[in-house]
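First up is the structure itself, then whatever we jot down about it.
The values are calculated or read from the model by the stated rules, or taken from the named source; none is laboratory data. Since the model is a prediction, treat every value here as computed from it, not as a measurement. Glycine also receives a Cβ, built like all others from the backbone with ideal geometry; neighbour counts cover every protein chain displayed. Side chains are part of the model used for accessible areas, which takes the heavy atoms of the whole protein and leaves out ligands, DNA and RNA. Shrake-Rupley method; radii C 1.70, N 1.55, O 1.52, S 1.80 Å.
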Amino acid sequence: MRVRPFEDVVAEHGATVLRVCRAVVGPVDAEDAWSETFLSALRAYPDLPSDANVEAWLVTIAHRRAIDVGRARSRRAVPVDSPPDRPSARDDPAARHPDLWSALQRLPDKQRLAVAYHHIVGLPFAEIAELLGNSPDAARRAAADGIKTLRRIYPEDETT
């Protein structure tokens, strides 16, 4: 059972927790991580053993919460003046690269099919293996070899 009020813990270790948060996520998101740290700590504080190292416990929580805040920040949309020009994943690659199909036709059958099924259609190698009558490793190898050959015979493909 805790005798020491949580407010005292915050007052004593708040600066340390803030430094940890700043070190992990930088000054912009440090206050959010600091708040998340003490919210988590407040919930767990009543069950903390009386002989626990409170500072080390808070630093551990701060580190984890700061990572969570950083991950959340990385998923937030960033406003821009106009969206970037990107082709749709459903667009026909031949519309952007008219010579692509002729380059694909130059590949051996299994390589061409593995490249098309995986990189254009998006099938996993296990399904490609069933279609081609080989193993997933062989399908993966055929696709890799096909891409390697395409990069050699169709160098424009490297820029996209």
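Out of Leu48, Leu39, one residue alone is surrounded by fewer than 16 Cβ atoms within 10 Å (Cβ to Cβ), among the aliphatic types (A, V, I, L, M) and at pLDDT 95 or above. It is Leu39.
Find the residue count for the stretch 114-133, including only residues that are open to solvent by less than 70 Å² (accessible area, probe 1.4 Å), of a type in the set (A, V, I, L, M), free of Cβ contacts under 8 Å to residues at least 24 places away in the same chain and in a helix (DSSP H, G or I). Steps first, please.
Of the residues in the stretch 114-133, the ones open to solvent by less than 70 Å² (accessible area, probe 1.4 Å) are 114-118, 120, 122-126, 128-129, 132-133.
From what is left, the residues that are of a type in the set (A, V, I, L, M) are 114-116, 120, 123, 126, 128-129, 132.
Those still in the list that are free of Cβ contacts under 8 Å to residues at least 24 places away in the same chain too: 116, 123, 126, 128-129, 132.
Still in the running and in a helix (DSSP H, G or I): 116, 126, 128-129, 132.
Selection size over the stretch 114-133: 5.
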